[in-house]
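Below is one structure, written out as structure tokens; the observations come after it.
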2 protein chains.
Amino acid sequence: MKPVTIALDAMSGDRGAGVVVTAALDAVRENEALSLILVGVRSELEALLSGEHSRIRIVEAADVVQMNERPSHALRHKKNSSMAIALGLVRDGEAQGCVSAGNTGALMAFGRSVIRMHPGIERPAICKLIPSLRGRCHVLDLGANVDASAENLYQFALMGSLMASAISGQSEPRVALLNVGEEEIKGNEQVRLASHLLAQCDTVNYIGYVEGSDLFRDVADVVVCDGFVGNIALKTGEGVAGLLIDLIEQAFSRGLYGRFVGFLARPIIGRLLRLMDPARHNGASLLGLQGVVIKSHGNANERAMLAAIRQAVREVDMEVPRRINERLDDLLI
Amino acid sequence: MKPVTIALDAMSGDRGAGVVVTAALDAVRENEALSLILVGVRSELEALLSGEHSRIRIVEAADVVQMNERPSHALRHKKNSSMAIALGLVRDGEAQGCVSAGNTGALMAFGRSVIRMHPGIERPAICKLIPSLRGRCHVLDLGANVDASAENLYQFALMGSLMASAISGQSEPRVALLNVGEEEIKGNEQVRLASHLLAQCDTVNYIGYVEGSDLFRDVADVVVCDGFVGNIALKTGEGVAGLLIDLIEQAFSRGLYGRFVGFLARPIIGRLLRLMDPARHNGASLLGLQGVVIKSHGNANERAMLAAIRQAVREVDMEVPRRINERLDDLLI
């Protein structure tokens, strides 16, 4: 494995730097090719690290972007934040990728201003690999943009298709638009126009519209929507999963018989709960930038943060930004 | 219980008239105050009924609206469809409500043209009661409109609030807007403007923004969004539930131990599966019309169709359209 360096914004998550430091220690332990740069308040990070680590170093950042801060405010006043400095390390080649659990809007805004975008891409998009019964599906945009034009959706589809090729090695990933029905006549104007653009594009394997329920049915490898829709769909899905897991746990702890069967079922249920564990699926990619930027959930725990670091390493290994950049030229209209 | 008559569009669903006739027979059996009018091809319906039923009669309709037919086409050419005639029976007072498993867009279009709308409401919305861990939540719009202005969202919020009061007896249901975050600055323009309108409205208990995951957490009694977002959120949630149920069934049928525990767990899992069964939750309300119109899922089975009929009866019993109409006057701006 090639050596990889990832910068971690250690200060921006809801749970503080302790979670990031623990995940960092776990990450370098499991991957000998990995070096990490913790970006944040040196004294705090040193205390948390408690000792020297050959593959973890600290870069000082005095400021932090707040979770509810306006991105425009952060962009003007938080140039010395852990977030901005971590992105700067990617721009300067000191790290090949970075991970932040901070304010999504600010990460987007800093990402665009610090790291170059792919030429021809108007806006970055947040992309995540979601699990299904068979296979998995890349979904974007999950909240980088609260609306999207047909051209934006078209560009998201191109990036998603190239991302799926790079990550999973599929030569012709199936690309679909998320819509309220499968028929030609369904949907709003942007979606219908984007469908028209994609149908004319030879190099994308566009299969048409899919519905929300298709996300988990291995119908498409890449599903494209605007960030408002994608964010709400993702969180609704997480909500249903959480509800069901609560119901299962309740069912197996009620009454003598329920508790008895629950005890016997523990290995089976345990496997299922681990599979559904949101921490395992943490880490979304900011596509559109010429560098690997991974957005972690704001309240990620240690395991979730570790999953996000692994995702960053994977994208660096697969050279995702380079592979997207190379092929976009041929595809953009 | 007061006598209730419901008209059933017997021809428009994916599964044909047999499903509707079976559900109709079950419905009149369980509810002695209920009379039903089956609207469709008399010869076919008579064959399916196989005999006289004192509380089920047939009204002839020669035509059917196709599932993928454009609403504008249906409106012009399908005045003699089972859907249009069923709605006409509500308009004429022969039935107090109707149920259709047909083309949603056409049901909307015919609904607006056949039955009067509440004065001041620009567009109908599809509203459904979704289950959560504690309590339940009315969500609208689930697909009547692929986009919505701030004023539309405001009107949906009013109707949803009045609906929740009428159905569940809550005096001040908590009303929220679905958004990509809870902070003031989040969301697109329509949602932020609708929030502003609702914050100024004394008679609605507006609690602000909620996210997709909040739908199942008893945070709000009424959640408002545009139909594109709502449809995709609902179907994504159904997709996750379906995936999880498949995973549970798989887990308990794998290996000797899995099958053994699965056998013991059958009563517990069975209760859970019944609770999550989409058929139990079938039947969405078309709000905005001065009559009860229930949209059933297109491929509803007998039990699902029965649930939709029950929903129609409930809304007639609770006089939902009258109660919405009465109070809208004070609330509309």
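How many of the residues making up the range A:71-108 are in a loop (DSSP other than H, G, I, E, B) and crowded, with 17+ Cβ neighbours inside 10 Å? It would help to see each step written out before you state the result.
Residues of the range A:71-108 in a loop (DSSP other than H, G, I, E, B): A:78-80, A:92-96, A:101-103.
Subsequent filtering for residues that are crowded, with 17+ Cβ neighbours inside 10 Å retains A:78, A:95-96, A:101-103.
Summing the residues that are in a loop (DSSP other than H, G, I, E, B) and crowded, with 17+ Cβ neighbours inside 10 Å in the range A:71-108 gives 6.
Residue under question is B:His138, and the condition is that it be within 23 Å of B:Leu178 (Cβ to Cβ) and surrounded by fewer than 24 Cβ atoms within 10 Å (Cβ to Cβ); does it hold? No: the conditions fail for B:His138. Taken over the range B:1-18, residues that are of a type in the set (Gly, Ala, Ser) and part of a loop (DSSP other than H, G, I, E, B) amount to 4. Entry remark, the range A:255-290: residues being modelled with pLDDT under 80, more than 8 Å from chain B (Cβ to nearest Cβ) and either in contact with a strand residue (DSSP E or B) (Cβ under 7 Å, 6 or more places away or on another chain) or over 22 Å from A:Ala164 (Cα atoms) (or both) number 3 in total. A single member of B:Ala265, B:Ala279 is small (Gly, Ala, Ser) and either loosely packed, with under 15 Cβ neighbours inside 10 Å or in contact (Cβ under 8 Å) with a residue 24 or more places away in the chain (or both), and it is B:Ala279. It is to be established whether one or more residues within the range A:118-128 are modelled with pLDDT of 95 or more, surrounded by 21 or more Cβ atoms within 10 Å (Cβ to Cβ) and over 19 Å from the mean Cα position of the chain (by Cα). Checked against the condition, which is being modelled with pLDDT of 95 or more, surrounded by 21 or more Cβ atoms within 10 Å (Cβ to Cβ) and over 19 Å from the mean Cα position of the chain (by Cα), the range A:118-128 yields no hits at all. Would the range B:52-64 turn up any residue that is touching a Phe, Trp or Tyr at 6+ places or on another chain (Cβ under 9 Å), closer than 30 Å to B:Met318 by Cβ and touching a residue at least 12 places away in the same chain (Cβ under 8 Å)? No, the range B:52-64 contains no residue that is touching a Phe, Trp or Tyr at 6+ places or on another chain (Cβ under 9 Å), closer than 30 Å to B:Met318 by Cβ and touching a residue at least 12 places away in the same chain (Cβ under 8 Å).
Conditions tested, residue by residue: (1) surrounded by 21 or more Cβ atoms within 10 Å (Cβ to Cβ); (2) more than 23 Å from A:Ala84 (Cα to Cα).
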| position | (1), (2) |
| --- | --- |
| A:Pro3 | no, yes |
| A:Asp14 | no, no |
| A:Val21 | yes, no |
| A:Val39 | yes, no |
| A:Ser50 | no, yes |
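Here A:Gly102 fulfils each of the conditions (1) over 30 Å from A:Met11 (Cα atoms); (2) touching a strand residue (DSSP E or B) at 6+ places or on another chain (Cβ under 7 Å); (3) at pLDDT 90 or above apart from (1).
Inspection of the range B:241-254 identifies no residue that is under 30 Å from B:Ala17 (Cβ atoms) and either away from chain A (no Cβ under 14 Å) or in a loop (DSSP other than H, G, I, E, B) (or both). Would you confirm whether any residue within the range A:164-173 is modelled with pLDDT of 90 or more and either touching a Pro at 6+ places or on another chain (Cβ under 7 Å) or within 14 Å of another protein chain (Cβ to nearest Cβ) (or both)? Among the residues of the range A:164-173, at least one is modelled with pLDDT of 90 or more and either touching a Pro at 6+ places or on another chain (Cβ under 7 Å) or within 14 Å of another protein chain (Cβ to nearest Cβ) (or both), which makes the answer yes. Among the residues making up the range B:219-231, those that are over 17 Å from B:His281 (Cα atoms) and either facing another protein chain (nearest Cβ under 7 Å) or not aliphatic (A, V, I, L, M) (or both) are B:Cys225, B:Asp226, B:Gly227, B:Phe228, B:Val229.
In the range A:194-217, the qualifying residues are those that are within 14 Å of A:Val175 (Cβ to Cβ) and among the acidic types (Asp, Glu), and the one that is nearest to the other protein chains (Cβ to nearest Cβ) is A:Asp214.
Any residue that is under 23 Å from the mean Cα position of the chain (by Cα), assigned to a strand (DSSP E or B), more than 17 Å from A:Ala27 (Cα to Cα) and not hydroxyl-bearing (Ser, Thr, Tyr) - is there at least one of those in the range A:276-284? Looking through the range A:276-284, at least one residue is under 23 Å from the mean Cα position of the chain (by Cα), assigned to a strand (DSSP E or B), more than 17 Å from A:Ala27 (Cα to Cα) and not hydroxyl-bearing (Ser, Thr, Tyr).
Here is a check on your reading of the model: is B:Val293 touching a residue at least 12 places away in the same chain (Cβ under 8 Å), away from every other protein chain (no Cβ under 13 Å) and part of a helix (DSSP H, G or I)? No: the conditions fail for B:Val293.
The values are calculated or read from the model by the stated rules, or taken from the named source; none is laboratory data. Remember, predicted model here, so these are calculated numbers, not experimental data. Positions of Cβ are backbone-derived with ideal geometry, glycine not excepted, and every protein chain shown enters the neighbour counts.
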